[in-house]
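Have a look at the structure below, then the notes.
The values are calculated or read from the model by the stated rules, or taken from the named source; none is laboratory data. The structure displayed is predicted, hence computed values, not measured ones. Here Cβ is always computed from backbone atoms with ideal geometry, including for glycine, and neighbour counts include all displayed protein chains. Protein only, heavy atoms only, side chains kept; ligands, DNA and RNA dropped before computing areas. Shrake-Rupley method; radii C 1.70, N 1.55, O 1.52, S 1.80 Å.
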Amino acid sequence: MLGTLDSFLLWTNLGISLLVLVAAAYFGLSLKQALLATAVGAVLGNAMLAVAALIGADARVPTMVLQRAPLGQRGSYLATGLNVLQCLGWSVFEITVIAVAASALSNRVFGFHLVWMWKLVFGAVGLLLALLGPIGFVRRFVRKIGIWAVGASIVYLAVWILRNGHAGKLWHAGGHGGSFWLGVDLVIALTVSWIPLVADYTRFARSRRSAFVGAGLGYLLPTLFQFGFGAILVLSHPSIGGPTDVLTTVAAGGVGSVLALLALTVDETDEAFANIYSTAVSLQNYIPRASQRLLIVIVSVLATAISLGINLTRYQQFLLLLGAFFVPLFGVLLADWLSAGGHYTREHIFSGPAWRPGMIGSWLVGFALYEWIAQTQGLGFWSHWLGTLHPPHGGIGASLPSFGVAFVLAFAVARLGSRVDAAARRNRTTLA
């Protein structure tokens with residue numbers, strides 16, 4: 001079982017990523033605005049993550065199995081399909097970024113790139129780590145290697161960014177017309193993207209408290225660090241537009257930078273592990289009798305093969321689309337869990353109806369509201385149609401309204417269902 005410290009170390013390691021470090025490039029805000037957006041988004045997003053971690057520790061089942069309670073036995077398949085797509089996508093992102101980091105290192109030290117070779121190597125590393133499972137991963141990798149790589153990379157990058165970033169000058173500079181609440185939504189979306197995975201790990205937590213504190217605080221600290229220092233990095237180096245640009249910039253900084261890049265490369269394997277493992281675990285909601293180890297192998301091979309064919313490194317719209325799906329889904333889960341008395345029994349999870357249309361409808365309403373406000377681009381007809389619906393300007397972003405609407409609707413549906421069930425039981429008693 002994973003205690004509070006183990007959970008904290010796990011989520012701190014999972015939170016450190018080169019992908020997050022450059023997400024601030026999409027803000028277009030001044031440093032003051034970017035730091036405030038980071039703080040607001042990190043607190044809101046990690047509060048959601050911590051509560052989802054607690055629910056997972058309470059139920060002791062993977063997240064997609066847990067979704068059977070609010071959405072129904074077959075209704076959970078909808079969320080499962082989306083989660084498999086997002087986890088597979090993140091796996092491809094991570095393998096690509098790790099390979100590019102390793103390529104930058106090998107070019108700096110030995111004079112050769114061979115990105116494709118590094119994709120094969122780190123696809124295999126992700127496979128081996130995923131086969132360890134969460135407990136083995138924490139005890140064999142995080143405690144012995146991962147946490148030291150995280151510490152080394154954080155300390156060096158903080159010093160390097162502050163030394164080369166001219167933070168004092170940036171503090172008084174303006175932004176580039178970015179949206180404050182879009183920045184908040186990006187921070188929340190990145191954090192909430194872990195909610196469909198969180199119970200895969202917190203089901204092994206020693207208690208609900210250890211899961212809540214470990215995930216909530218463990219992921220909060222790297223979120224604040226990476227978005228905060230990432231804002232300084234991208235504002236002081238306007239040419240940076242993605243992870244590969246960061247790698248080139250950091251690798252050019254001397255021997256110390258190369259060592260920090262090495263530490264980041266080692267630590268980035270955490271995310272590859274998590275996404276490969278959770279893709280396999282999510283698939284078991286469809287095919288519970290399938291071998292988890294076989295699914296891990298299949299997912300690893302598939303993610304590596306996709307990474308060899310495409311180069312996924314820009315992902316703002318991907319994050320917003322994840323937020324549109326998973327922020328309101330968490331609202332539905334939380335509402336249903338509270339309606340069940342703050343505890344799911346095995347009957348709630350495994351003996352419920354095949355579909356819960358009211359809950360699924362609440363989720364879809366929240367999704368539509370998020371998309372209307374956020375206006376996700378690059379989705380063809382859907383994006384064009386959204387633009388014709390007179391999207392709002394200003395406000396408080398998309399995350400809070402979509403979460404609130406989905407939560408309220410789902411809670412109302414759950415309470416109405418409880419009253420109908422109670423009336424039916426009274427009628428049966430009277431007839432008997």
In the range 108-131, residue nearest to ILE276 (Cα to Cα) [restricted to those that are assigned to a helix (DSSP H, G or I) and without any contact (Cβ under 8 Å) to a residue 24 or more places away in the chain]: LEU128
Meets criteria (part of a helix (DSSP H, G or I) and modelled with pLDDT of 95 or more) for LEU308: no
Exclusive hit being modelled with pLDDT of 85 or more, under 22 Å from the mean Cα position of the chain (by Cα) and open to solvent by 10 Å² or more (accessible area, probe 1.4 Å), set TRP194, TRP181: TRP194
Of residues in the range 339-379 being within 14 Å of PRO328 (Cα to Cα) and aromatic (Phe, Trp, Tyr), the one most open to solvent (accessible area, probe 1.4 Å): TRP372
Residues within the range 47-60 that are open to solvent by 10 Å² or more (accessible area, probe 1.4 Å) and in contact with a helix residue (DSSP H, G or I) (Cβ under 8 Å, 6 or more places away or on another chain), tallied: 6
Residue in the range 62-73 that is basic (Lys, Arg), over 26 Å from SER307 (Cα atoms) and either open to solvent by 50 Å² or more (accessible area, probe 1.4 Å) or free of Cβ contacts under 8 Å to residues at least 40 places away in the same chain (or both) present: no
Counted residues, the range 89-116 - those being among the small types (Gly, Ala, Ser) and in contact with a Gly (Cβ under 9 Å, 6 or more places away or on another chain): 2
Unmet requirement for LEU44, which otherwise passes all of (1) within 23 Å of ARG206 (Cβ to Cβ); (2) open to solvent by 20 Å² or more (accessible area, probe 1.4 Å): (1)
Residue in the range 125-139 that is modelled with pLDDT of 85 or more and open to solvent by 70 Å² or more (accessible area, probe 1.4 Å) present: yes
